[in-house]
Structures are given as C-alpha cells and as structure tokens.
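Worksheet for the structure shown next.
The values are calculated or read from the model by the stated rules, or taken from the named source; none is laboratory data. All figures in this text were calculated on a predicted structure; none of them were measured in a lab. Note that each Cβ is placed from the backbone with ideal geometry, even for glycine, and that neighbours are counted across all protein chains shown. What goes into the accessible areas is simple: the full protein's heavy atoms, side chains included, and nothing from ligands, DNA or RNA. Shrake-Rupley method; radii C 1.70, N 1.55, O 1.52, S 1.80 Å.
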Amino acid sequence: MADASKRSMTLTDDATGKSWKLPVFDGTVGPSVIDIRKLYSDTGYFTHDPGFTSTSSCESKITFIDGDKGILLHRGYPIDELANKSDFLEVAYLLQYGELPNATQKEDWVKHITYHTMVHEQLSSFFSGFRRDAHPMAIMCGVVGALSAFYHDSTDIHDEEQREIACHRLIAKMPTLAAMAYKYSLGQPFVYPQNSLSFAENFLYMTFSVPAEPYKINPVLAKAMDKIFILHADHEQNASTSTVRLASSSGANPFACIAAGITSLWGPAHGGANEAVLKMLMEIGSKDKIPEIVKRAKDKSDTFRLMGFGHRVYKNYDPRAKVMQETCREVLAELGIKNDPLLETAMELERIALQDDYFVQKKLYPNVDFYSGIILRAMGFPMSMFTVLFALARTAGWVAHWQEQFRDGEQKIGRPRQLYTGSVQRPFLPVGQRK
Ligand code: SDX
C-alpha cells in the first residue's frame, strides 16, 4: 500500500460528540484517499456510495485519469502519444509490466502472443449452438467463458507461469474469437490466423478475407485499427474492469473473470455505447433533427440520453475522442468517403451540444464512443461488432488489472455491505392466515 501520509481525517458523530481519526494515503498524483477499512469495526457505521462515485476500490499503478483536465496516462505515458507513436501489443506489454519493452522484450512478447492466436479446434463447434443472428457479444460471453474448459494448464491462479500463459492466451485469442463470431453471423467459413501478420492486420484478415480470393491488407486501415485498439485498451477502474477485479477476488479462473468483464462491458451505458451512438446518429438522420434530439436529452422526464456523451470521470473532453476524431478523418479519406452524413451529423451534434448550457453546466463532452462507430462502420463492421472490438482491446487492460490484483497484498474477496431498509424480523404466517 502507498505510504500513509502524516495527515489524517477526523470523523465526528454530532449526536455523541465521539470522534475517530482516519488515516490518509497519498498517491503519486491525483486525489488522496481516506482509509476506512476499520470504520465499521471502530464506529459500527458503513459508508454509502452507490455507483462508487467517491470510492477507491484498490491501489493501482496502471492508468491515471485526470477528469477535469482530460488527461489519460498509461504507466505515465499520455494516450495521444501512445496512440500516435506506439502499437497495441506494445501498449498491452506496458500495461502488463509497467515499462515499454526494449527490442528483445518486444520480440519475445509478440512471439508469445502470435503463437497463441489459434483456438482449440473443438471451440469452433461451440458457435454452431448459437442462432446465426445471435448478438456477437452473447457469443463472446459464452465462448470466452468456455475457454476455461479447454485450457486447464493455465487456470491455476496461484501459479505465476500459468497466470502469464493465461494472459497471453486471452490477448491472443480474443481477435480470433471475435472474427469467428463475425464469420458465423455471415455463414462464411472461419479464417485461421496468419502468424506473418501483425495483430491488427491479422484481425482484419480473419474478419474480412474469404478463402475464394486473396485478401489485400490496407496499411492505413490496419494502422487505424491498431490505434482504435490502443484507445480502448484500458481505463482505470471502469465498470467492466471492476467486474473483472471483483470476479477475480473470489479466485475465479482468468477466462471466467474476462467473460464477466465482457458481460459488464456490453451495457449501453458502458462499452455498448458505441453501437448506441451509431443507432442514434442514424435515427437523427439529418441535421435539422438535432435540436429535437438535444431537447430530449435534456428532458428529465425522458430516459433518452445523448449516447457517446458524458462520463463519470471526464468533466472535460475525453482525450481518446480527440484521437478518434482524427482517425475518423484519416479512414474516411483513405476510403474516399467525402462528407459522410453520419460524421457531419456527429460534428454538428457536438457543436450544438457544446454550446448548450445544459451540457456546459453538467460538463458533458464527447467520450471515446462518440466517433468510434463511424470509423468502424466505414471499415465494414456491422454495429453489432462494435462492442466486441471494444472487448477485444480492453482484454489487455483487464488482464493487466487481473495480474496486478494478485501482486497487491492488500486485496481480499470483494464483499460490499448495504443500507438495509427492508422489513424487520416478523413471524411466518401459514397461507390460510394471510390477508
Ligand atoms: C465508457 O468508466 C469508464 O471509464 C468508461 C469508459 C471506458 O473506457 O471504460 O470510458 C467507456 O463507458 C464511456 C461512456 C459511454 N456511455 C455513454 O456514452 C452513454 C451516455 N452517457 C451517460 O449514460 C453517462 O454520461 C455515463 C453513464 C457515461 C456517466 O454517468 P454518471 O457518471 O453516472 O453521470 P450521471 O448519470 O450522474 O449524470 C450526471 C448528470 C445527470 O443529470 P442530473 O441528474 O444531475 O440532472 O448529467 C446528465 C444526467 O442526467 N447526463 C446526461 C448524459 N450523461 C449524463 N444527460 C444527457 N445525455 C447524456 N449522455
């Protein structure tokens, strides 16, 4: 645990005048924390924080976000630098081990991942259990969880080497399984990975090539794909990463923990937002419908929210959204798409929203999901695959947090308490005596 600062916080019960001193811990940067681990045993009180808006669940060295300044660092490196100068496997290594790899380390790491890209041949038959129109996220939840039935030699969480192999397998096999889910929906044959290709090239090859003809990798699109993976790799203690950590705290095997993360990511308030943004932009149709949609987003009585806008932590522009917008222009230009109506609508929606008091007051800005769908659709992915790509990339962050949790001596099974407002104890009445 970080060194306790000399400071403490005093909590006073106004009813009794009793006080308690609570230790304060300082991080290297960002908010300090009040250590409340002894609060219940000392005071008989729980803290109450639905949605964990003010709660630190762990100590971590992987990612730092300054939501007010719109800063995102992975092991100290700004996200825009990593997105523009690094590559996804290098970032996955950084998240995992804390440093950018040197040439030898990078070569070894890429080789380990490359040689785990194939999946057990029997896994292919899993897909035939799904309807062709199954949502690919439903397939990913099932198939990733099933990996623990195939790779018994990397499920012993107390064995450092097995944990390492499980991380290699998960990072390596997610693209293969994601491409298989897409191929299955089309009724096209699965395409085996090619070890001669880079991570992003291999994914595009497995997704879009067909056995009937050669497939030419577009280097601009492969670079954009890799950059999109980097932008989605990790994001501190978000809902899906916290789900992975909580599942792992019970000792569940790595494949089950990542499957739990995939289910949490699927929600439209989280990773499912990229699919929801595109549906929203398509529903808006033309720019003249934007005022109506903004009015609905501001209407408290309407459950509609502007998808791709707002964030629990960012109260400034999400730095990933800026890089995503630049990548969007690069991809559309490469594909010769001029004046993409969805991009036009998204840009106009952003312009109008960022001038509107409601969004300004509540500090609601575009987030990582606002532009990603426009790029992915232009690249040929159906909307149903957008969150699958998010899960593919976020696996690098999930496994890094999964590993970090094992190295954190402070961690124990996660078991929150509650504010109970239900019935007090009462006697059971036989059905004949009930009103
Ligand atoms: C991701 O946590 C992460 O890091 C996630 C992520 C990652 O990389 O892992 O960054 C990925 O999930 C990005 C977010 C994708 N989701 C969306 O784009 C869905 C739309 N956004 C909202 O649902 C919302 O902004 C959340 C869920 C993202 C954040 O919600 P919070 O932090 O719980 O904020 P809130 O709901 O308390 O909103 C504060 C106020 C509310 O108004 P009041 O009750 O104070 O009057 O802002 C309003 C909200 O109604 N508000 C919105 C809004 N988002 C918040 N109003 C209209 N449209 C929106 N999008």
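The one condition from (1) open to solvent by 10 Å² or more (accessible area, probe 1.4 Å); (2) in contact with a Ser or Thr (Cβ under 8 Å, 6 or more places away or on another chain); (3) assigned to a helix (DSSP H, G or I) that Val191 does not meet is (3). Residue-level check: of (1) surrounded by 14 or more Cβ atoms within 10 Å (Cβ to Cβ); (2) out of contact with any helix residue (DSSP H, G or I) (no Cβ under 8 Å at 6 or more places or on another chain), Ile62 misses just (2).
Can you name the residue in the stretch 313-341 that is among the hydrophobic types (A, V, I, L, M, F, W, C) and assigned to a loop (DSSP other than H, G, I, E, B) and is also nearest to Asn367 (Cα to Cα) among such residues?
Initial filter on the stretch 313-341 (among the hydrophobic types (A, V, I, L, M, F, W, C)): 313, 321, 323-324, 328, 331-333, 335, 337.
Okay, now just the ones that are also assigned to a loop (DSSP other than H, G, I, E, B), so 313, 335, 337.
Working: Val313: 10, Leu335: 24, Ile337: 24 Å.
It comes out as Val313.
Consider Lys435 carefully, then state whether it is within 16 Å of the ligand (Cβ to nearest atom), open to solvent by 10 Å² or more (accessible area, probe 1.4 Å) and either of a type in the set (Phe, Trp, Tyr) or in a loop (DSSP other than H, G, I, E, B) (or both). So Lys435 does not fit the description; no.
Within the stretch 361-392, being open to solvent by 10 Å² or more (accessible area, probe 1.4 Å), more than 18 Å from the chain's Cα centre (by Cα) and more than 13 Å from the ligand (Cβ to nearest atom) holds for Arg377, Ala378, Met379, Gly380, Pro382. Condition check for Lys300 on (1) touching a Ser or Thr at 6+ places or on another chain (Cβ under 9 Å); (2) within 7 Å of the ligand (Cβ to nearest atom); (3) open to solvent by 90 Å² or more (accessible area, probe 1.4 Å): one failure, at (1). Counting the residues of the stretch 307-317 that are within 7 Å of the ligand (Cβ to nearest atom) and within 18 Å of Gly67 (Cβ to Cβ) gives 6. Here Val24 meets each of (1) within 18 Å of the chain's Cα centre (by Cα); (2) among the β-branched types (Val, Ile, Thr); (3) not in a helix (DSSP H, G or I) with one exception, condition (1). One residue is enough: does the stretch 306-320 have a residue meeting the conditions buried (at least 16 other Cβ atoms within 10 Å of the Cβ), within 12 Å of Val368 (Cα to Cα) and among the aliphatic types (A, V, I, L, M)? Yes, the stretch 306-320 contains at least one residue that is buried (at least 16 other Cβ atoms within 10 Å of the Cβ), within 12 Å of Val368 (Cα to Cα) and among the aliphatic types (A, V, I, L, M).
Collect the residues in the stretch 194-243 that are open to solvent by 20 Å² or more (accessible area, probe 1.4 Å) and hydroxyl-bearing (Ser, Thr, Tyr), keeping them in residue-number order. Those that are open to solvent by 20 Å² or more (accessible area, probe 1.4 Å) and hydroxyl-bearing (Ser, Thr, Tyr): Ser196, Ser198, Tyr205, Tyr215, Ser242, Thr243. Checked against (1) over 26 Å from Lys223 (Cβ atoms); (2) of a type in the set (Val, Ile, Thr); (3) in contact (Cβ under 8 Å) with a residue 40 or more places away in the chain; (4) not in a helix (DSSP H, G or I), Thr303 meets all criteria but (3).
Is at least one residue of the stretch 66-85 in contact with a helix residue (DSSP H, G or I) (Cβ under 6 Å, 6 or more places away or on another chain), more than 16 Å from the ligand (Cβ to nearest atom) and touching a residue at least 40 places away in the same chain (Cβ under 8 Å)? No: the stretch 66-85 contains no residue that is in contact with a helix residue (DSSP H, G or I) (Cβ under 6 Å, 6 or more places away or on another chain), more than 16 Å from the ligand (Cβ to nearest atom) and touching a residue at least 40 places away in the same chain (Cβ under 8 Å).
Taking residues in the stretch 266-278 that are farther than 18 Å from Gly51 by Cβ, and partners anywhere that are of a type in the set (Asp, Glu) and near the ligand (Cβ under 6 Å from one of its atoms), the pairs with Cβ atoms closer than 6 Å and at least 6 places apart or on different chains are Asn274/Asp369; Val277/Asp369. Among the numbered conditions (1) more than 21 Å from the chain's Cα centre (by Cα); (2) not in a loop (DSSP other than H, G, I, E, B), the only one that His116 does not meet is (2). Considered as a group, the residues in the stretch 27-54 that are assigned to a helix (DSSP H, G or I), within 22 Å of the chain's Cα centre (by Cα) and exposed (fewer than 10 other Cβ atoms within 10 Å of the Cβ) include one that is nearest to the ligand (Cβ to nearest atom), and that residue is Gly51. When the helices (runs of 4 or more DSSP H) confined to the stretch 197-295 are screened for residues that are within 16 Å of the ligand (Cβ to nearest atom), within 29 Å of Pro366 (Cα to Cα) and hydroxyl-bearing (Ser, Thr, Tyr), those reaching at least 2 such residues are found at 239-249, 254-265.
Evaluate the stretch 395-412: report whether one residue or more is out of contact with any helix residue (DSSP H, G or I) (no Cβ under 6 Å at 6 or more places or on another chain), aromatic (Phe, Trp, Tyr), within 19 Å of His311 (Cβ to Cβ) and surrounded by 11 or more Cβ atoms within 10 Å (Cβ to Cβ). Looking for residues that are out of contact with any helix residue (DSSP H, G or I) (no Cβ under 6 Å at 6 or more places or on another chain), aromatic (Phe, Trp, Tyr), within 19 Å of His311 (Cβ to Cβ) and surrounded by 11 or more Cβ atoms within 10 Å (Cβ to Cβ), one finds none in the stretch 395-412, hence no.
Of the residues contained in the stretch 335-349, one or more are found to be within 25 Å of the chain's Cα centre (by Cα) and open to solvent by 30 Å² or more (accessible area, probe 1.4 Å).
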